[in-house]
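Below is one structure, written out as structure tokens; the observations come after it.
Only the coordinates and a few stated rules stand behind these numbers; no lab work does. No experiment lies behind these values; they were computed from the predicted model shown. Note that we place each Cβ from the backbone using ideal geometry, even for glycine, and neighbour counts take in every protein chain shown.
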Amino acid sequence: MIELSPDQLPALSPWFASDYPGAKTPAEHALASGAGRWWADRAIDPRALAVACADHLLLRGEPTALAPIALAPFAAHHVQAPARFLPLLGSAFDLLVPWERMAYVHRVPMSPPRPPHGVTVRRLTPADVAALTELAADMAWVHASWGGPTGLAASGHGWAAFQKDRILAVACTYFRGTTFEDIACVTVPEHRRRRLALACVTALCQDIAARGHTPSWTCSRDNRPSRLLAWTAGFRLEHEYVHYLTGQPARRVAGLIA
């Protein structure tokens, strides 16, 4: 595939007709934030389009326009694609794991709970880059869609619970679209069950609503803590879908790369 520059990008509407949560929000975010990358089978009148942001990949168009080797760079990605892409994905990777997902929309406005003594919940600012950088490695995914701590801190789209200069929990717009803003949230393990995530999420939801957008939430069907937090924060189930976790390039694809 050919990587497209910003001035080569096609109009999104024909490619992403659905407007349910998660359908096109990552593509809109990749376009607006500059943190994503775009590929097509050809620069003029493309037949297939790929959009990657963080470790998420959207595929649209005609899969027969692509060879399996074209997808090799997208190992270990979460792929959203129509069912017609499954044979191509199955040929491209040695593993393709379906992942049932649940998409929620914010329906019940909530007031942020009062944080515990000594904890402040506030919007992230550019001065908080160091605090975001100090999050444990397994929590760093929360700022990946903004290109890293600097991007999230400067975005104005994150809220965090602080104890002095340390972040205990953070909620942010992970993908910002023209209709929905999909939320991500993490909490330092030893500070869970203190309603810190709930305080951050509800403050962020008020922010999103003030921008004229709708907060959304997507998570794995098996992620009960995430589903419970979403419900408590006023989200209600909108629809269910499946995305796929890719493994490594299939042996014959890897041989062509080598």
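Worth pointing out:
- Electrostatic bookkeeping for Leu124 treats Lys and Arg as +1 and Asp and Glu as -1; over the other residues with beta carbon under 13 Å from its beta carbon, the sum is -1.
- Per-residue Cβ neighbour rank within 10 angstrom, fewest leading, Lys24, Lys164: Lys164, Lys24
- Computed over the chain, the per-residue total of -39500 (n - 2.57) for DSSP H runs of n ≥ 4 gives a 222 nm mean residue ellipticity of -6500 deg cm²/dmol, rounded to 500.
- Packing-based exposure ordering (other Cβ within 10 Å, fewest first) of Met139, Met102: Met139, Met102
- Over segment 70-123: Kirkwood hydrodynamic radius from C-alpha pairwise inverse distances, Å: 15.7
- Cα centroid separation - segment 188-255 against segment 32-57, whole Å: 23
- Ratio Rg/Rh [Cα only; Rh per Kirkwood] for segment 52-153: 1.11
- DSSP bridge analysis restricted to the chain gives an antiparallel fraction near 90%, rounded to the nearest 5.
- Considering only Leu49, Leu228, Leu66, the Gaussian network model of the chain with Cα springs below 10 Å gives its largest mean-square fluctuation to Leu228.
- Note on Trp231, Trp146: ascending count of other Cβ atoms within 10 Å places them as Trp231, Trp146, the fewest first.
- Estimated translational D of the chain in µm²/s (Stokes, Kirkwood radius over Cα pairs; 10 °C; 1.306 mPa s): 83
- Using the Stokes-Einstein relation with a Kirkwood hydrodynamic radius computed over Cα pairs, the translational diffusion coefficient of segment 104-242 at 20 °C and a viscosity of 1.002 mPa s comes to 144 µm²/s.
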